[in-house]
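Okay, so here's the structure we're looking at.
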Amino acid sequence: MKKYACKVLVGGKASGEPLVSTKPFTFAHGVNPETGLVTDVRSDIKGKNIKGKILVYRYGKGSTTASAWFLETARLGNCPAGIIIATLDNGTVVGSLLSGINYGLKIPVVLCTENEFYERAALASKITISEKGEVELA
Amino acid sequence: MYLTKEQERILSGEEGEARADAMELLVKFGDAVGADSLVPVSSAHVLAHYSSLHESGIEFYERLASLGAKFSVYTTVDPASIDLERWEEFGIDKEYASKQMRLREAFVKMGGTECWSCAQYQVCNFPKMGENLSWAESNSVVFANSLLGCRTNKITFGLDVASAILGLTPRYGMLLDENRTASVNFRISFEPRNELDYRSIGYYIGKNSRGRVPALTGLPSNVTSDDLKHLGAAAAASGPVTMIHYIGFTPGSRTLEEATKNEKVETIDITESEVREVEEELNQTEEKPQLVAFGVPHLSTNEIALLAKLIEGRKLKEGIKLYVYTSKLTYDMVTRYSMKQVIEASGARLTHSTDAEISPLSDMGFEVVMTNSAKLAEIVSSEGEIKIRYRPLRTIIEEVTIA
């Protein structure tokens, strides 16, 4: 079991199966809020479902509406359990904060800058995020 | 993040639930991005279109409006998902329209100014140099930072409304001097032939700036503010660009040395071949279009006048629709001066307060869309449902109309 100390962007704890994308990711026109399926034709996880997973990606992209798409996905119960990113992604941070304020949901978002983590995450069967931003791979 | 006594009071709920929620969002976001404080903005530009906001966006707006929230600074709004007056004529169904109208009502209730435009800086929102803004529309963010001498980050939905309510924004990113210095130089090494070349240049910058702040050298002195509007829009659509130092035009960047603060930076040449590559990438088909779309971002009076001149006396071919997207103010003006009548005599339609990239284009039955907008081309093609033909204005008019 390997642990990584990450920066908490939105607090909370979560655990689940990892879903790792190496391409830029966005909720805006990229996830179907009604199903949780990734629809972006340029994504390497197109067709995969984000619901309940620990979503791992390095870079965000796209429109300032990403937080609205995130919020709708959260309202319909199809959001990931937690999210790990390598660079700040405002859409995801604000989307998670809005989900907390409007629907009482806690979807932690942490920033992990260690390259090695992203290589190992793809091979892990479970990822756990703690309140303090400690990320554990199993 | 440092909060003033007054900001602490708002956060603790002393000015009501809506302002407390707005403050909570600004503070938590500010902490996440490492902002040191909240600073006043002189205006806000927010998103309120149903196609992106969905049901939860309506709930978000209506909850704040019903709690009595009011915008505390001048607030304009990005285009709606439908023509707010003539939506039925454009084949929009009643239920869809009613969702957009609920967003409109909540926006108005909070004191927003109904200037639904993505080129608000050309019609209804005129900051002065040096002001901090909270603008949520990527092309207008580039325009404000690059040409108006203002400072704004690209504000995400939710944060935009919270900022408008409180008149504050977290101090980070493009509000800080150190993040505004040019760190890569794109050099135009050919003579742009038409408006499309400027848009393709913008698209190329977006794809190749990789998070750096670009400078652009070699712009001819006759480049227009409309050209730069579309260039910036294309750059912001294809990459994480929020400012371009247009050397010779951007306030404080008369020379490359000024823009880079005398640091040596990489130079990337843009020749005719780079621009042709962009055209090939964005032009996905040679099929006949069902829709020709002009105005992503919204056309100015100038651009509509040029279109009227080109299309006067010509008729749109059978089976093709041509929509011209603009703001209500511009629409009223070009109606008053008969440009609208000239354009519509060809069979084309002017539509206002909405825009192509946030309209339900596939529900409206369009599969092939022809445009000279690199921004529209980029956004629409990522969903894979609509194919784009990307061509310059004059070529399009010649192809889709007859004398």
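Any read-out appearing in this document is the output of simple, stated calculations on the displayed coordinates, not a laboratory observation. Computed from a predicted model, the values in this text were never measured in an experiment. Cβ coordinates were reconstructed from backbone atoms using ideal geometry, including for glycine residues, and neighbour counts include every protein chain displayed.
Length, then width, then depth: along the principal axes, the Cα atoms of region B:247-290 run 49, 21, 13 Å.
What list do you get for B:Arg276, A:Arg58, A:Arg120 if you sort them by fewest beta carbons within 10 Å?
B:Arg276, A:Arg120, A:Arg58
Each eigenvalue of the Cα gyration tensor of chain A, multiplied by 5 and square-rooted, gives one semi-axis; in descending order these are 21, 16, 13 Å. When chain A is treated as a Gaussian network with alpha carbon springs shorter than 10 Å, the biggest mean-square fluctuation among A:Phe117, A:Phe27, A:Phe70 belongs to A:Phe117. Residues whose amide H lies under 5 Å from that of B:Ile268, counting only those 5 or more places away or on a different chain, are B:Asn185, B:Phe186, B:Arg187; hydrogens are built 1.01 Å from N in the peptide plane.
Of the listed pairs A:Lys3/A:Lys126; A:Lys48/B:Lys375; A:Lys53/B:Lys207; B:Lys317/B:Lys387; A:Lys3/A:Lys53, which have alpha-carbon separations greater than 22 Å here? Long pairs (Cα-Cα over 22 Å): A:Lys48/B:Lys375; A:Lys53/B:Lys207. Averaging Cα coordinates gives a centre for region A:93-113 and one for region B:223-240; these two points are 32 Å apart.
Let me check I've understood the local charge: for B:Val400, count other residues with C-beta under 14 angstrom from its C-beta, Lys and Arg +1, Asp and Glu -1. What total comes out? Here the count lands on +4. For the peptide B:23-32, the mean number of other protein chain Cβ atoms found within 10 angstrom of a residue's Cβ is 4. Alpha carbon centre of region B:64-118 versus region B:335-361: separation in Å? What the calculation gives is 19 Å, centre to centre.
The mean number of Cβ atoms from other chains found within 10 Å of a Cβ in peptide A:90-99 is 6, as a whole number. Couplings for region A:77-85, taken from phi via the Karplus curve 6.51 cos²θ - 1.76 cosθ + 1.60 with θ = phi - 60°, read x, 10, 7, x, 6, x, 9, 10, 10 Hz in order; Gly and Pro are left as x. Within 10 Å of the Cβ of each residue in B:135-144, the mean number of Cβ atoms contributed by other protein chains is 1.
Where does each of B:Val184, B:Val275, B:Val33, B:Val369 land when they are ranked from fewest to most other beta-carbon atoms within 10 angstrom? Listing B:Val184, B:Val275, B:Val33, B:Val369 from fewest to most nearby Cβ atoms yields B:Val33, B:Val184, B:Val275, B:Val369.
For region B:155-166, the Karplus equation 6.51 cos²θ - 1.76 cosθ + 1.60, evaluated at θ = phi - 60°, returns couplings of 8, 7, 3, x, 5, 4, 5, 4, 5, 5, 5, 9 Hz by residue, with Gly and Pro reported as x. For B:Lys154, the aspartates and glutamates whose Cα comes closer than 12 Å to its Cα, not counting residues fewer than 8 places off in the same chain, are A:Asp89, B:Glu137. For region B:263-318 versus region B:185-201, the inter-centroid distance based on Cα atoms is 12 Å. Our coupling estimate for region B:120-137, obtained by passing each phi through the Karplus curve with A = 6.51, B = -1.76, C = 1.60 and θ = phi - 60°, is 4, 5, 9, 10, 8, 9, 10, x, 9, 3, x, 6, 8, 10, 10, 10, 10, 6 Hz, Gly and Pro reported as x. Once the C-beta distance of B:Glu88 and A:Glu116 is scaled by a Förster radius of 51 Å, the resulting FRET efficiency is 0.35 to the nearest 0.05.
The shape of chain B can be summarised by an equivalent ellipsoid whose semi-axes, obtained from the alpha carbon gyration tensor, come to 34, 29, 17 Å from longest to shortest. Cys residues of chain B that find no other Cys beta carbon under 4.7 Å: B:Cys118, B:Cys150. Placing +1 on the Cβ of every Lys and Arg and -1 on the Cβ of every Asp and Glu, with no other charges, gives region B:181-280 a dipole of roughly 380 debye about its Cα centre. Using Cβ point charges alone (K and R +1, D and E -1), the dipole size of chain B about the Cα centre works out to roughly 760 debye.
Pairs with C-alpha atoms separated by more than 32 Å, drawn from the list A:Lys13/B:Lys229; B:Lys109/B:Lys309; A:Lys23/A:Lys132, are A:Lys13/B:Lys229; B:Lys109/B:Lys309.
How much net charge surrounds A:Ile127 when only other residues with a Cβ under 12 Å from its Cβ are counted (Lys, Arg +1; Asp, Glu -1)? Local net charge: +3. Candidate cross-link partners of B:Lys340 among the aspartates and glutamates, defined by an alpha-carbon separation under 18 Å and a same-chain spacing of 8 or more, comprise B:Asp83, B:Glu85, B:Glu89, B:Glu303, B:Glu312, B:Asp332, B:Asp355. Taking amide H atoms as placed 1.01 Å from N in the peptide plane, the amide H of B:Thr75 lies under 5 Å from those of B:Ala44, B:Thr113, each 5 or more residues away in sequence or on another chain. Footprinting exposure proxy ranking of B:Ser163, B:Ser189, fewest other C-beta atoms within 10 angstrom first, gives B:Ser189, B:Ser163. Translational diffusion coefficient of the protein assembly as shown (Stokes-Einstein, Kirkwood radius from Cα pairs, 25 °C, 0.890 mPa s): 103 µm²/s. Near B:Leu166: Cβ cut-off under 10 Å, other residues only, Lys/Arg at +1 and Asp/Glu at -1. The net charge is 0.
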